Structure formats: structure tokens, C-alpha cells
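The values are calculated or read from the model by the stated rules, or taken from the named source; none is laboratory data. Here the structure is a predicted model, which is why all the values come from computation and not from measurement. Cβ: placed from backbone, ideal geometry, glycine included. Neighbour counts: every protein chain shown. Ligands, DNA and RNA are stripped out before the accessible areas are found, and what is left, the full protein with its side chains, is counted by its heavy atoms. Shrake-Rupley method; radii C 1.70, N 1.55, O 1.52, S 1.80 Å.
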Amino acid sequence: MNEIFKQQVWEITKLVPKGRVTSYGAIAKAVGFPNHSRHVGKAMGGCPKDVPAHRVISSSGTLSVPEFQSRLEAEGIIVDHFRVKNFKNLFWNPLEEL
């Protein structure tokens, strides 16, 4: 995984609105690498503080990082058993909304 890919992932992630979530796969598609959601996950590890990594979750609506639950809840997102309630309504698709 190169630095350009990481930068692209971080830039798209910065655009996820507060109170919304997206998926690793949606970010991968948005940067032109469909089927590379695992690489997006790796890029999120160690990302800069200004990147809202807590807003990127699995496509099933499940938190990949349980510690992010409190950050999501602080934005008004309801999380139950590590799953985002109303995931489909809160989902932000960068390909449709940018």
C-alpha cells in the first residue's frame, strides 16, 4: 500500500459528514480500488487525528473498532451490540454524494 493510496483514503474520509457513516468498501470504490476494503482498513490504522476514522465501518453496519462506539454516539448515532442502528439511512456513499 503506497502513500498516495493512504492520502486518497484519508481525504475521502475527511468528507464523511458528522452523524453519518460509510464503509471500507465504499471508500475503496471512491478512490478507484474496488475490492480493496481491507487496504482501506489498514490505511485507517495510524491515520492523522483530523481523519474521522470512527465514521468508517463494515458494510454490514458493524463497528470494526469497538472503541469508536463512544465517538459515534457523541455524534448522535445509536450503536447497539456494536452495530449502527439505521445503518442504511445513515450510510454516506461518496460516489453518490460527492
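Quick rundown of the values:
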item: Loop sites in the range 1-82: trypsin sites (Lys or Arg not before Pro), DSSP, at most 13 other Cβ within 10 Å; result: 14, 18, 49
item: Karplus 3J(HN,Hα) series, Hz, for the range 34-47 with 6.51 cos²θ - 1.76 cosθ + 1.60 (x for Gly, Pro); result: x, 6, 10, 4, 5, 5, 5, x, 5, 5, 6, x, x, 6
item: Cβ-defined net charge surrounding residue 16, 10 Å radius [Lys, Arg +1; Asp, Glu -1]; result: +3
item: Placed amide H near residue 58: partners under 5 Å, 5+ positions off or other chain; result: 64
item: Å² of accessible area per residue within the chain, as computed with a 1.4 Å probe and no ligands counted; result: 59
item: Solvent accessible area, Å² - residue 70, 1.4 Å probe, full protein context; result: 80
item: The chain, accessible surface, carbon-and-sulfur percent (1.4 angstrom probe); result: 51
item: Calculated P(r) over Cα pairs in 5 Å bins from 0, in percent (choose from [x] 3, 14, 19, 19, 15, 11, 8, 5, 3, 1, 1, 0; [y] 2, 15, 29, 26, 18, 8, 2, 0; [z] 3, 14, 24, 27, 20, 11, 3, 0), label; result: [y]
item: Qualifying lysines (Cα of each under 25 Å from Cα of residue 6; at least 8 residues distant if same chain); result: 14, 18, 29, 42, 49
